[in-house]
Amino acid sequence: MSYKTPGVYVEEIAKFPPSVAQVETAIPAFIGYTADGPKNEPTRISSMLEYEAIFGKAKAESFTVSVSGDSDTGYSASAVVAPNNFKMYYAMQMYFANGGGPCYIVSVGDLVKGYPSSVDPDDLEDGLNTLEREDEPTLIVFPDAEALGNGAYRLYEKALDQAELMKDRFVIMDVVGNVDEFKDTTGPSVGPSGERLKYGAVYYPRLETVLSYNYDASTVHGVDLAALKISNSELYNKVKKAIESTPVVLAPSSAMAGVYAKVDSTSGVFKAPANVGLSYVVAPTVKISHEEQMEYNVNATGRSINAIRSFTGKGTLVWGARTLDGNSNEWRYISVRRFFNMVEESVKKATERFVFEANTANTWIRVQTMIENFLNQQWQDGALAGSKPEEAYYVSVGLNKTMSAQDILEGRMIIEIGMAAVRPAEFIVLRFSHKLQEA
């Protein structure tokens with residue numbers, strides 16, 4: 001300040017360093033077909049009601065109804081559904097039921113022709129590409145991918161490539177087709193870098209839910225529902241009940257997106273999204289034994305599969321916490337990979353304010369203090385291991401520490417950060433022995 005006029009001048013001196021704001025960790029992007037809404041425009045919503053207002057409801061399913069009996073003996077009815085391949089609406093119901101919050105919808109449907117006859121991998125890939133322009137999404141889910149068969153894994157590889165490139169998102173996948181083939185041969189590969197599998201996790205098996213399929217009178221074969229409602233209300237109610245009691249069967253990825261969101265909000269992103277009960281689920285479609293899960297959880301190919309299992313008295317639980325890169329000591333666990341994603345993105349955004357600042361010791365101290373304060377808060381929250389801060393993390397920046405004189409001449413400020421992330425207690429071993437009687 002230039003002092004030229006006599007008087008009293010007030011100057012405020014900043015004593016506190018800038019802070020790192022933690023980014024959101026569980027904002028999924030669902031890519032698939034919808035009945036309505038903008039095409040290939042990622043749209044943020046926060047409730048099922050908002051989804052229905054913008055994107056409509058599920059495509060009506062095709063039912064075949066069989067009726068037996070008469071008015072004297074009583075009627076009975078059974079219904080068989082031939083479900084279509086478009087699962088977005090049901091996926092969103094499962095997401096919100098399991099703790100989901102704000103999310104993005106990327107509709108790839110053709111609003112002129114309505115739903116297409118089949119799921120096109122090119123449509124889903126186009127939707128994935130539009131997501132690169134969005135900064136907020138941190139999870140990627142494809143509710144319609146199982147219709148592609150083994151071709152879904154090529155789509156998942158594209159999503160893993162995007163996650164590896166942007167380093168701020170994670171892919172939730174489903175086992176499509178034969179689980180043993182996935183484990184051994186058909187699942188996503190490690191990619192050109194050999195690193196992309198750590199950016200995704202896969203779940204198995206599919207889930208029988210409490211949801212009912214959408215239908216209308218024109219899609220029910222064997223019975224004219226509109227006429228039946230007028231002529232025979234008793235039989236109409238039997239047929240309607242038979243249709244509505246047919247459970248929706250879904251891949252687990254959408255429910256898992258909700259679990260990620262719930263665990264992040266209640267415990268933190270450093271907590272493994274496992275040993276959590278699933279809502280709106282009757283049971284997994286395949287019962288997995290303890291011995292079978294051994295093959296899925298720890299596999300020679302490295303592609304770990306997270307099982308969803310039913311336990312007596314506990315319900316249906318998520319019983320796995322591994323990324324696809326299950327043989328990696330560093331990136332074996334979902335919580336570790338997603339915690340690093342959060343810290344990396346949070347620190348990256350916070351340090352952008354120092355671009356073009358003087359590359360001197362004063363700036364280095366401000367940057368180091370800012371990051372240390374953020375990591376100290378993570379340690380206090382339980383995200384980092386260690387009985388004291390120096391055991392939990394370190395931040396280093398400076399000449400002859402992380403930078404040479406040539407680095408400074410060329411305008412580089414290099415910051416090195418180390419963190420001891422907590423890991424889930426995946427295997428709890430209880431050791432018992434006989435204690436000999438003492439004289």
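Remarks
- Test for residue 261: is it modelled with pLDDT of 95 or more, assigned to a loop (DSSP other than H, G, I, E, B), hydrophobic (A, V, I, L, M, F, W, C) and buried (at least 19 other Cβ atoms within 10 Å of the Cβ): no
- Identity of the residue in the range 380-439, of a type in the set (Asp, Glu) and under 20 Å from residue 267 (Cα atoms), that ends up modelled with the lowest pLDDT: 426
- Set 283, 255: member being within 28 Å of residue 62 (Cβ to Cβ) and part of a helix (DSSP H, G or I): 255
- From 384, 324, residue being closer than 30 Å to residue 200 by Cβ, in contact with a Leu (Cβ under 8 Å, 6 or more places away or on another chain), outside the structural domain of residue 265 (by TED's automatic domain parsing) and not basic (Lys, Arg): 384
- Residue match in the range 221-232 (condition: among the charged types (D, E, K, R) and touching a residue at least 12 places away in the same chain (Cβ under 8 Å)): no
- When residues of the range 384-439 are limited to those that are acidic (Asp, Glu) and outside any loop (DSSP other than H, G, I, E, B), the one farthest from residue 369 (Cα to Cα): 407
- Residues in the range 275-290 include at least one that is without any contact (Cβ under 8 Å) to a residue 12 or more places away in the chain and assigned by TED's automatic domain parsing to the domain that holds residue 80.
- Residue list for the range 174-231, filter: among the aliphatic types (A, V, I, L, M) and within 22 Å of residue 260 (Cα to Cα): 175, 176, 197, 201, 202, 207, 210, 211
- In this structure, residue 46 qualifies as surrounded by fewer than 14 Cβ atoms within 10 Å (Cβ to Cβ) and modelled with pLDDT of 95 or more.
- Residue in the range 70-77 that is assigned by TED's automatic domain parsing to the domain that holds residue 250 and within 28 Å of residue 383 (Cα to Cα) present: no
- Residue match in the range 61-75 (condition: surrounded by 12 or more Cβ atoms within 10 Å (Cβ to Cβ), under 23 Å from the mean Cα position of the chain (by Cα) and not aromatic (Phe, Trp, Tyr)): no
- Selection from the range 293-341 of residues that are part of a helix (DSSP H, G or I), free of Cβ contacts under 8 Å to residues at least 60 places away in the same chain and surrounded by 15 or more Cβ atoms within 10 Å (Cβ to Cβ): 293, 297
The values are calculated or read from the model by the stated rules, or taken from the named source; none is laboratory data. Predicted model only: the values in this text are computed from it and were never measured. All Cβ positions, glycine included, derive from the backbone under ideal geometry; neighbour counts span all protein chains shown.
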